[in-house]
Amino acid sequence: MKLLRPLLLSLAIAGAFFYFTTWRSNSRGELHSTNWFGQPPQVEITEAAPNESLDSEEQNNISVYKKNIPSVVNVTSRAMTFDFFYGLVPQEGQGSGFVIDKEGHILTNYHVIAEARQVEVTLHNRKKYKATVVGTDPPHDLAVIQIQAPELVPAILGDSRNLQVGQKVYAIGNPFGLAGTMTRGIVSSIRPVREPNGAMIDEAIQTDAAINPGNSGGPLMNWHGEVIGINTMILSSVGQNAGIGFAIPINTAKAVLNDLMTLGRVRRPALGVRTIAITPELADEIGLPVDYGLLIIQVTPGGSADQAGLHAGTERAYLGNTPIMLGGDLIVAIDDQKIQDEQDLAQMMNNHRAGDTVKITIFRNKKKMDVTVALGEARQQV
């Protein structure tokens, strides 16, 4: 009896609790749980102050974008390829480009329009135009195409000389077909790189600005909004941005633009010489006055160097098992820029075109002198 009373009292209390909290509410159609917190009369949130001004960095970002977005275009190329059964299958690729004059010339990458049967350009205002290929330069991965369109806004081409690691850069293009996309980063390095198609970029601009498939051919700009490079490739194991992208220096493109637009090809400049790079050990062994430069071992008859009076070697010797000729002129500078190896010479040639005149500084019999040379066309000086 003593245990029954507490049990009955507990059951009564539990039943009363159930009645008032659950059964009674449900019987009135109030199918909601008990609200343990009181509801406020109104919701209070914290809002930002209206019309907050942009800082200087944001203003510059916006200025670069607005200045250049009318010049950037989407380039669509259509080609025909063969499937597994050797049947023709249409293939479409996308890239970017930018307008360089009011006549509708557009600079892009060669690999964007390579082997294309049809090229179409979409402007920022979404108007589409058929494009014609004006000129190509596969060794530099450059191409110029042209459209007929009114009121075009050309991009401003800057200067890619003396770029410094750490400079701000901006990339505008159409990654994954997303038109009008801008990313920002810095110049990460200046280095030679080889593209997948074998093209060599001597002084490629490395950047951490996000570059993805579809950005190829688009502009890389400095903080003034001037084009300093043409975005061309990424280094990634997954085929997407991994913080390492590369751009062709705009000066490389400017050096060949005239040829591309007037001849459709590039008259590659050449000195008409065969050389070997001098190391400190080799210079000491053969008694040269300096421990760097390019020693001329052969001059192409009738070529640029021959016509300018540069001398080849006349004394036979061996470099390992390779026969060479010693006693020729030693090239140490071109237009007062130091030349240490073949790569330096190639970079100088990339900044010129056939017909340009350069000043070559040489040592001849330990005597330093300057020689003026008119550059010829590479394919004429095999």
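The values are calculated or read from the model by the stated rules, or taken from the named source; none is laboratory data. All values reported here derive from a predicted model rather than from experimental measurement. Neighbour counts are summed over all protein chains in view; Cβ atoms, including those assigned to glycine, are modelled from backbone coordinates with ideal geometry. Surface accessibility is based on the protein's heavy atoms, side chains included, excluding ligands, DNA and RNA. Shrake-Rupley method; radii C 1.70, N 1.55, O 1.52, S 1.80 Å.
Report yes if Glu103 is surrounded by 10 or more Cβ atoms within 10 Å (Cβ to Cβ), charged (D, E, K, R), modelled with pLDDT of 90 or more and under 30 Å from Leu142 (Cβ atoms), otherwise no. Yes. Candidates in the stretch 338-359 are the residues that are touching a helix residue (DSSP H, G or I) at 6+ places or on another chain (Cβ under 9 Å) and either free of Cβ contacts under 8 Å to residues at least 60 places away in the same chain or small (Gly, Ala, Ser) (or both); of these, the one that is nearest to Ile296 (Cα to Cα) is Ile339.
Do the conditions hold for Ser160, that is, is it surrounded by 18 or more Cβ atoms within 10 Å (Cβ to Cβ) and in contact (Cβ under 8 Å) with a residue 60 or more places away in the chain?
Yes: the conditions hold for Ser160.
Within the stretch 241-259, identify whether any single residue is in contact with a helix residue (DSSP H, G or I) (Cβ under 9 Å, 6 or more places away or on another chain), assigned to a loop (DSSP other than H, G, I, E, B) and not acidic (Asp, Glu), and answer yes or no. Checked against the condition, which is being in contact with a helix residue (DSSP H, G or I) (Cβ under 9 Å, 6 or more places away or on another chain), assigned to a loop (DSSP other than H, G, I, E, B) and not acidic (Asp, Glu), the stretch 241-259 yields at least one hit.
Inspect all residues belonging to the stretch 328-347 and state whether any of them is touching a Pro at 6+ places or on another chain (Cβ under 7 Å) and either part of a loop (DSSP other than H, G, I, E, B) or over 30 Å from Ser160 (Cβ atoms) (or both). No.
Of note, Leu282 does not satisfy the criterion of being open to solvent by less than 20 Å² (accessible area, probe 1.4 Å), free of Cβ contacts under 8 Å to residues at least 40 places away in the same chain and not in a loop (DSSP other than H, G, I, E, B).
Test each condition in (1) open to solvent by less than 60 Å² (accessible area, probe 1.4 Å); (2) outside any helix (DSSP H, G or I) for Arg316 and report the one that comes out false. Answer for Arg316: the failing condition is (1).
Scoring Gly243 on the criteria (1) under 17 Å from Gly166 (Cβ atoms); (2) buried (at least 16 other Cβ atoms within 10 Å of the Cβ) leaves a single failure, condition (2).
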